[in-house]
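K.L.:
Just passing along the structure, written as structure tokens.
The values are calculated or read from the model by the stated rules, or taken from the named source; none is laboratory data. Here the structure is a predicted model, which means the values were calculated and not measured. As a convention, Cβ positions derive from the backbone with ideal geometry for all residues, glycine included, and neighbour counts pool all protein chains shown.
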């Protein structure tokens, strides 16, 4: 049984998520309505996973993600959102959010997302992921990645956002071997030798 701390300020959404998880392997050990309560409950609830609303009043789900990652916590965090702008989505991915689900799709997507996270994989809504990739690549029109092909630029963006080869392969529908081939081409074109150099070059 996976213990979940759920933070959602909308009563209707909160009830819906509780109902959705009721007959699953996910047990809600604490349900709160603010980011402040999340931080208060963590020491006693000791959850295996957090499900956080992005847009709570006070400290938001994204705020809690920032705080916990800055503390060195690798506790799995899934963000729920009705809407999220490209900058926030990109930041969440760069902060190694484990899952990001749109509320409108939660009835179908939340359980698959949680299952993926429990198995050590990242699950991000595909449309949000594409927007984050586009945002990352368009921030600087004169960036050094302009010599790369569109596919290579997409892979470089995912590397910058912390995705591993296996995760990149899953998101882009490629084999892990193909991703490695693309990475070698990227390194050759940019005159670099490692993922770390690629991340630094993209900043």
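K.L.:
Only residues that are buried (at least 19 other Cβ atoms within 10 Å of the Cβ) and either touching a strand residue (DSSP E or B) at 6+ places or on another chain (Cβ under 7 Å) or closer than 14 Å to residue 130 by Cα (or both): list them for region 168-203, please.
P.N.:
168, 171 - these are the residues of region 168-203 that are buried (at least 19 other Cβ atoms within 10 Å of the Cβ) and either touching a strand residue (DSSP E or B) at 6+ places or on another chain (Cβ under 7 Å) or closer than 14 Å to residue 130 by Cα (or both).
K.L.:
Does residue 88 satisfy being over 12 Å from the mean Cα position of the chain (by Cα) and either modelled with pLDDT under 95 or within 28 Å of residue 177 (Cβ to Cβ) (or both)?
P.N.:
Criteria not met by residue 88.
K.L.:
Take the residues of region 93-104 that are part of a helix (DSSP H, G or I) and modelled with pLDDT of 90 or more: which is farthest from residue 199 (Cα to Cα)?
P.N.:
Filtering first and then ranking leaves 104.
K.L.:
Given the conditions (1) crowded, with 17+ Cβ neighbours inside 10 Å; (2) over 30 Å from residue 199 (Cβ atoms), and given that residue 11 satisfies all but one, which numbered condition is not satisfied?
P.N.:
The failed condition is (1).
K.L.:
What number of residues within region 154-198 satisfy the criterion of being assigned to a helix (DSSP H, G or I) and either in the same structural domain as residue 121 (by TED's automatic domain parsing) or farther than 25 Å from residue 98 by Cβ (or both)?
P.N.:
10
K.L.:
Restricting to region 39-71, count the residues that are assigned to a loop (DSSP other than H, G, I, E, B), out of contact with any strand residue (DSSP E or B) (no Cβ under 8 Å at 6 or more places or on another chain) and crowded, with 17+ Cβ neighbours inside 10 Å.
P.N.:
Total meeting the criteria: 1.
K.L.:
Kindly provide the set of residues from region 117-130 that are in a helix (DSSP H, G or I) and either in the same structural domain as residue 159 (by TED's automatic domain parsing) or modelled with pLDDT under 95 (or both), ordered by number.
P.N.:
126, 127, 128, 129, 130, listed by residue number.
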